[in-house]
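Nothing in this text is a laboratory measurement; each read-out follows from the coordinates by a stated rule. Predicted, not measured: the structure shown is a model, and the values here were computed from it. Here the Cβ positions follow ideal geometry from the backbone for every residue, glycine too, while neighbour counts run over all protein chains shown.
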Amino acid sequence: MGKLERLDAHRARLEAWLRTCFQAREPRGDLYDAMNYSLLAGGKRLRPVLTLEACFLCGGDMEAALPFAGAVEMVHTYSLIHDDLPCMDDDDLRRGRPTNHKVYGEATAVLAGDGLLTAAFEAMLAPGQALPPERIVLAAGILARAAGGAGMVGGQILDMAGEERALTLAEVEELQRLKTGALITAALEMGWAVAGGTEGQREALRRYGSALGLAFQIQDDILDVVGDEAALGKPIGSDARSGKTTFVTLKGVDGCRALVARLTEQAAEALAPFGDEGAELRALAESLADRQT
């Protein structure tokens, strides 16, 4: 099997699952169209792939993990819809096409995000799942904490508060640990929870997720300065226009590239307990460090 073949298979399985989510719902104006517009827009599917791979590494049933992987992607997608709103980043493009509120209007975009957030928990807590109840509750709780004030939402409020104010490196690291890193680490922990893995496996996945999440964000900051708008599918330079302090502001592009390389090494080292089976997550970390989109 090639370097990322198993992860590609996870992605294909996840895409098929997502396309079934809202097909049988009662019509609600543009609501479900708006939800699907963003949910099915493609992207890396990084977080749900991490959930499925962590489940695999911990010896779990990946079919049973699908609703949890899908839930992570729903939460991530909701966050992007809200992040793009005029009251937040006021972005016009996402993944090379108009943002949700540009197509459906602000009110529907807000509700589409709300709908995806609640659908995530509906998916995880649906009856008839072939998992012990304690694993379901544990995984849902991991996502709830990572998505809320102690994680992603908390990071977003720090991000907004940091506009037009010089931040220290420690402040930027904390902001991004919450806004970006919390959901990435939670995605891995959810796969561990569904599989019923060991505490040693959980700690290894946490360390991998922490290093991967920070490297991912620093590479994002680099691309916002030197990236290609056509490849990224969104404007570059938005951080500078918003007056945000980023890793590039504090470390420069070359310093950030060195930091991404070091964090990628740390992520790879964290996977030692999984032996050769961890090769795909190691390759994923390397590919993300070199990405241009």
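Annotations for the structure displayed:
- Dmax and Rg, reported as Rg then Dmax, of segment 127-270 (C-alpha, Å): 17.0, 52
- Dipole magnitude of the chain, debye to nearest 20 (Cβ charges: Lys/Arg +1, Asp/Glu -1, about Cα centre): 280 debye
- The calculated pair-distance distribution of segment 86-138 uses every alpha carbon pair, bins of 10 angstrom beginning at 0, and gives 20, 35, 20, 21, 4 percent.
- Candidate aspartates and glutamates - alpha carbon under 16 Å from Lys3, same-chain residues fewer than 8 apart omitted: Glu53, Asp276, Glu277, Glu280, Glu286, Asp290
- Here the convex hull built on the C-alpha positions of segment 2-160 has a volume of 122 cubic angstrom per residue.
- Only lysines eight or more places from Lys179 in sequence, or on another chain, were considered; those with a Cα closer than 23 Å are Lys44, Lys234, Lys244, Lys251.
- Two-decimal Rg to Rh for segment 62-151 - Kirkwood Rh, Cα set: 1.05
- Space enclosed by the convex hull of the alpha-carbon atoms of the chain, per residue, Å³: 120 Å³
- Pairs of Cα atoms nearer than 8 Å and 6+ residues apart set the relative contact order; for segment 204-293 it is 44 percent.
- Zero-based 10 Å bins, Cα pair distances in segment 1-82, whole percents: 17, 49, 26, 7, 1
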